[in-house]
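All remarks here apply to the structure that follows.
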Amino acid sequence: MSGVRPGTRHYTLVCSSCGTRYEDDGLLLDCSRRHEAAFLYTEYGRSGTRHGESAGLFRHAPMLPVARTFPGVPGPVVQPAERLGRRIGLDRLWVAFSGYWPERGANLPTCTFKDLEAYTVLGRLPAEPPVLVIPSAGNTAAAFAWAATRHQVPCLLVVPAPAMERMRFPAPLDPCVRLVVLDGTATYSDAIACADLLAQLPGHHAEGGSRNVGRRDGLGTVMLAAADSLGRLPDTYVQAVGSGTGAIGAHEAARRLRADGEALPRLLMCQNAPFAPLYEAWRCTGTAPADREHEPLARELTNRRPPFTVRGGVRDVLTESGGDVLCTDNDVALAAMALFEEIEGIDIEPGAGVALAALADAVRAGQVRRDELVLLNITGGGRARQARDLALVPAEPWLRVPWPGRDEGPRAVAEQVARQLTGFAAVAEAAR
Ligand SMILES: [Zn+2]
């Protein structure tokens, strides 16, 4: 990594609870004062001398918490979607498309908006970074695995076995990217529990998920790109959410951009029944156990610990934006995926189908007016198209661990990883 001198960053971190300000070291996740759980957020200098690239993600570098940028990283593409809008009863629908759709200039390497957060988090790191530990249901791991491979940034990714279907890339992963696969019945929540322990290994560091300002501001570039295309902020912003990190990032970006007196976009967050913890929390129906006989279509939306009550988190941004959480089931989401492909000519991910279906429901219910300027965030798409266009190779796991169950699992996995790392160190030592 190129050298980064302390004090040269163009932004400050601010605690959303007590207002304490921090100079960023590229890794900080939390305020050190004792109070309620609270996000740090970034405050960018108005007279920043940093210039972004002419296009792509790092065009927005002056509003990204990065110490370095990477050349040629694509960004989201924002375009009007008149025909789709007419079909669901909207006059002014715009789509932000994060994925692979070459005719429209969309070229995100792993086909979801997680590429935006991965490159931003890596760009935020200090020189000589620790090994970032990242749990994922699939899309986040794919994005980090490929970005870290391209730029040789050490990462330890922890995923449940079904995530491996997403781990296909144009080339093998770099050895500095270590992929730990939990075989058997392990879930995304189990991967999170393992990563919490693994981050305590010497030389390792928790990436932090929604607490990482790089993630939120990277995902927030969708709002920055939309404001560029629209010449203003949208009235309403619609996105499928697991943790809600992307929607929080979009809200934070809108807050930075808005002109005096301009309203913040109303956030409509969409979840997939029967697994909709944010929907249940927002509707105050408690967290009813999910019906396990009916799996949600969009597995990436199944975060069991979304940052709902944390200061600056989901509840705060819903309240501040006058937003709401919507919920839709698998059949309607599948129909919406088919509708998008029929009209626009590109496949979209299940999560994006959930968002489109929920938006169409909200229009029918009169919750969204026909003349509202609506930005629909299609958070992933073009995966089938990419698989036809490019030769992709499946990634090789660094370690596969049979999942011994929730009680012993995290410790067993941490021990195996530690043993493997010791073995690696010994081999490296012997080779010297
Ligand atoms: Zn604080």
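Quick note: the coordinates plus some simple rules give every number you see, no bench work behind them. None of these values were measured; they are calculated from a predicted model. Here the Cβ positions follow ideal geometry from the backbone for every residue, glycine too, while neighbour counts run over all protein chains shown.
Summary table
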item: Spin-label model distance (nm) - Ala391 vs Arg411, 7 Å beyond Cα toward Cβ; result: 4.8
item: In Hz, Karplus ³J(HN,Hα) per residue of region 25-40 (6.51, -1.76, 1.60; θ = phi - 60°; x = Gly, Pro); result: 9, x, 10, 4, 10, 9, 5, 8, 7, 8, 6, 3, 5, 8, 6, 7
item: Modelled FRET efficiency - R0 30 Å, Ala335 with Gln367, Cβ distances, 0.05 increments; result: 0.95
item: Amide hydrogen neighbours beyond the local backbone of Leu173, cut-off 5 Å, H modeled; result: Glu396
item: Region 353-430 shape via C-alpha gyration tensor axes, a/c threshold 1.5; result: prolate
item: Net +/- balance of residues flanking Gly345 in space, Cβ distance below 10 Å, scoring K and R +1, D and E -1; result: -3
item: Semi-axis lengths (Å, descending) of the ellipsoid that matches the C-alpha gyration tensor of region 64-180; result: 30, 17, 12
item: Local net charge near Ala335, Cβ-Cβ under 13 Å (Lys/Arg +1, Asp/Glu -1); result: -4
item: Relative contact order (%) - the chain, alpha-carbon pairs under 8 angstrom, separation at least six; result: 19
item: Span from the region 75-129 Cα centroid across to the region 349-371 one, whole angstrom; result: 18
item: Mean ellipticity per residue at 222 nm, deg cm²/dmol - from DSSP H runs of n ≥ 4 across the chain, formula -39500 (n - 2.57); result: -10500 deg cm²/dmol
item: For region 151-187 versus region 327-345, the gap between their alpha-carbon centres in whole angstrom; result: 29
item: For the chain, cysteines whose Cβ has no other cysteine Cβ within reach (under 4.7 Å); result: Cys18, Cys111, Cys155, Cys176, Cys194, Cys270, Cys284, Cys327
item: Arg419-Gln79 pseudo-label distance in nm [points 7 Å out on the Cα-to-Cβ vector]; result: 5.3
item: Distance from region 10-48 to region 192-236 (C-alpha centre basis), Å; result: 14
item: Sum of side-chain charges, Thr120 neighbourhood, beta-carbon under 12 Å (Lys, Arg +1; Asp, Glu -1); result: +1
item: Gain in span if fully extended, Glu43 to Asp183, counting 0.36 nm per residue against the direct Cα distance; result: 46.2 nm
item: Residue list for region 24-47, given a label point 7 angstrom along the Cα-to-Cβ vector of His151 and an amide N cut-off under 18 Å; result: 24-28
item: Highest to lowest packing among 369-382, 328-341, 164-177, scored as the average C-beta count within 10 Å; result: 369-382, 328-341, 164-177
item: Backbone HN-Hα couplings from phi across region 55-62 [Karplus 6.51/-1.76/1.60, Hz, Gly and Pro as x]; result: 8, x, 4, 7, 4, 9, 3, x
item: Contact order normalised by residue count of region 136-214, Cα under 8 Å, 6+ apart, percent; result: 31
item: Alpha-carbon Rg/Rh ratio, for region 1-157, with Rh computed the Kirkwood way; result: 1.02
item: Taking the convex hull of Cα positions in the chain, its mean projected area over all directions (nm²); result: 21.0
item: Region 294-432, relative contact order in percent, only Cα pairs under 8 angstrom and at least six apart counted; result: 17
